[in-house]
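Worksheet: the structure to be examined is printed underneath.
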């Protein structure tokens, strides 16, 4: 069983990783664990890249036999984050590839020369973790107990083309679109938090079918267990 420690943005992401992704990958030889960015007690949220880089490098030194990765939303990344400026205006998969490559380069440049830079496996969620919820609009509307909203969710998906293209503007990021239609949407890790429930009910295979970049990430992790 190969260990992968993934640094996540907040408690919603940690819960999704631990409740859904970990069991899926565990059956494929990968022991996936999540750590919220920052010191214990920190409420999460991506800060400047210098602080994130220090934390990732420290984990790579501590976890010599493991891979270390990230699960960060593209929406809200600081303007000076590696690759963000260069990726502006591109399609979702191009943005993710450029930002992840820039992150890999930044980390690799500061790793010990004797270490294996491929142990760092960054993932940027386009454009927010809530984009995954649009993988099955019926499940999302059912969990909200608002089946009348399903056509509205499908319309958003139709307008954007696919889940990962739902954009990152202040009013049109995935979470903002959900909140505009369903003001009771709950984030977090509690038993009533919506996102972990919806992701669990859709299942990883359903997410992979609807989200090409997410599928690429899961494929990379699967390969570590083979």
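Odds and ends about this structure:
- Note on region 170-189: residues that are surrounded by 11 or more Cβ atoms within 10 Å (Cβ to Cβ) and without any contact (Cβ under 8 Å) to a residue 12 or more places away in the chain total 5.
- The condition of being on the phi > 0 side of the Ramachandran plot and either under 16 Å from the mean Cα position of the chain (by Cα) or surrounded by fewer than 11 Cβ atoms within 10 Å (Cβ to Cβ) (or both) holds for only one of 38, 83, 76, that being 76.
- Here 191, 139 are screened, and the one residue that is part of a loop (DSSP other than H, G, I, E, B), within 23 Å of residue 14 (Cα to Cα) and out of contact with any strand residue (DSSP E or B) (no Cβ under 6 Å at 6 or more places or on another chain) is 191.
- The residue list 96, 131 contains one member that is more than 21 Å from residue 158 (Cβ to Cβ) and in contact (Cβ under 8 Å) with a residue 40 or more places away in the chain, which is 96.
- Exclusive hit being under 30 Å from residue 161 (Cβ atoms) and either assigned by TED's automatic domain parsing to the domain that holds residue 162 or in contact with a helix residue (DSSP H, G or I) (Cβ under 7 Å, 6 or more places away or on another chain) (or both), set 56, 95: 95
- The lone exception for residue 106 - which of (1) surrounded by 16 or more Cβ atoms within 10 Å (Cβ to Cβ); (2) touching a strand residue (DSSP E or B) at 6+ places or on another chain (Cβ under 8 Å) it fails: (2)
- Candidates 100, 18, filtered to the one that is part of a helix (DSSP H, G or I) and surrounded by 18 or more Cβ atoms within 10 Å (Cβ to Cβ): 100
The values are calculated or read from the model by the stated rules, or taken from the named source; none is laboratory data. As the structure is a computational prediction, the values presented were derived from the model and not from experiment. Note: ideal-geometry Cβ built from the backbone for every residue, glycine included; neighbour counts use all protein chains shown.
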